[in-house]
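Here the structure is laid out as structure tokens; the discussion comes afterwards.
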Amino acid sequence: MDKNFINLWDLKNLPLTELIGNYDPSIQNFDQSLIMSSQTGHVQLANKLPSEILYTESDYSYRTGTVFKSNQKIQGFIDFFNKSTSQDNFNCIIDVGGNDLTLAKYLRNKTKRCFVIDPLCASMDGETIDGIRVIGKIVEKVDLRELKPEVVVCRHTLEHIENTKIFFEQLFDQCPSDCIYIFEVPDFDCLIESLRFDAIFHQHLHYFSLSTLTNLIIECGGEVTDHFYNYQGPCGGSLFVSFKKSNKKNLGLVN
């Protein structure tokens, strides 16, 4: 292990979770190591399992619209969205990781063009559903310059992306300089305070706090404009963050 990381735990033969149906004792188990950067404090899994194991349309069960109290949770995100934007009519909004289009259906009336980018939607790739254009690919394979988004939303997806730095650099490089970004992630501090260690599992590669997420955004050339803790959010509580590409130089990191 890299000397810059501290080992927090090693769990042997941990079964996959977030799958459909009753527990199957024959399901595949995989070792899991949780590590923390001694330099930044960021917590993550040491290794990523192949996507074909973690995510399939038939077995990966998380769908926004089927989660208990999802409408209430999405309304919290919409409230933060409205607070973070100053207009109701946009030319283009992109939802990265929009799976069953639930969030996009809330946003489609705010924009002329609405896109969902999610590899779980591969079977719907290229289709327009309820006014929402579906791109069934990983976001790294999509040229965002062609879409020219004014707002990018990303709700409970960032923690699944292997290289988050490359993702943020893609956003700041390919989206217009005045694009607004509104994200929601499980909050690691809330997870610890609520003892929700069950919320650490193979699909979630990264565990962000406000400081580690803010510093990642700063390192990639952005700045946080607002944040809000949703203590009723999943995984013990979640964090809303709005940010933009920064025109400032040498923006200092936060502690």
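The values are calculated or read from the model by the stated rules, or taken from the named source; none is laboratory data. Bear in mind that the values here come from a model prediction, so they are computed numbers and not experimental data. Note that we place each Cβ from the backbone using ideal geometry, even for glycine, and neighbour counts take in every protein chain shown. With ligands, DNA and RNA removed, areas are computed over all heavy atoms of the protein, side chains included. Shrake-Rupley method; radii C 1.70, N 1.55, O 1.52, S 1.80 Å.
Computed quantities for the displayed model
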item	result
Distribution of pairwise C-alpha distances over the stretch 66-146, 5 Å bins, in %	3, 15, 25, 24, 20, 11, 2, 0
Which of TYR106, TYR207, TYR229 is most accessible, then next, and so on - probe 1.4 Å	TYR106, TYR229, TYR207
GNM flexibility winner over the chain from PRO15, PRO186, PRO234 (Cα, springs under 10 Å)	PRO15
Percent antiparallel among DSSP beta bridges (both partners in the chain, rounded to 5)	60 percent
When the convex hull of its Cα atoms is projected in every direction, mean area for the stretch 162-255 (nm²)	6.2 nm²
Selection from ILE135, VAL151, VAL96 lying farthest towards where the dipole of the chain points positive, charges on Cβ	VAL151
Disulfide-incompatible cysteines by the Cβ rule (no partner under 4.7 Å) in the chain	CYS92, CYS114, CYS121, CYS154, CYS190, CYS220, CYS235
With eigenvalues of the C-alpha gyration tensor scaled by 5 and rooted, the chain, Å	28, 23, 17
Which of VAL43, ASN29, LEU8, positive extreme of dipole for the chain (C-beta unit charges)	VAL43
Among ILE166, ILE132, ILE218, residue whose mean-square fluctuation peaks in a GNM of the chain (springs only between Cα atoms under 10 Å)	ILE166
Selection from HIS204, ASN163, GLN174, by position along the positive dipole direction of the stretch 134-206 (Cβ)	GLN174
Relative contact order (%) - criterion: Cα under 8 Å, at least six apart; region: the chain	16 percent
Residue-averaged [θ]222 nm for the chain, counting only DSSP H segments that reach four residues, each worth -39500 (n - 2.57)	-5500 deg cm²/dmol
Accessible surface, 1.4 Å probe, highest first, among residues ARG133, ARG145	ARG145, ARG133
Percent of Cα pairs exceeding the 18 Å cut-off, where the set is the stretch 177-226	39 percent
Residue of GLU193, GLU184, GLU219 that the Gaussian network model of the chain assigns the largest fluctuation, springs spanning Cα pairs under 10 Å	GLU193
Distance between the stretch 126-201 and the stretch 212-238 - C-alpha centres, whole angstrom	12 Å
Cα-centred dipole magnitude for the chain, charges only on beta-carbon of K, R (+1) and D, E (-1), debye, nearest 20	680 debye
LYS245 - accessible surface, heavy atoms, 1.4 Å probe, Å² rounded to 10	80 Å²
Reciprocal of mean inverse Cα separation for the stretch 93-226 (Kirkwood radius, Å)	15.6 Å
Exposure ranking of THR225, THR17, THR164 by accessible area [1.4 Å probe, largest first]	THR225, THR17, THR164
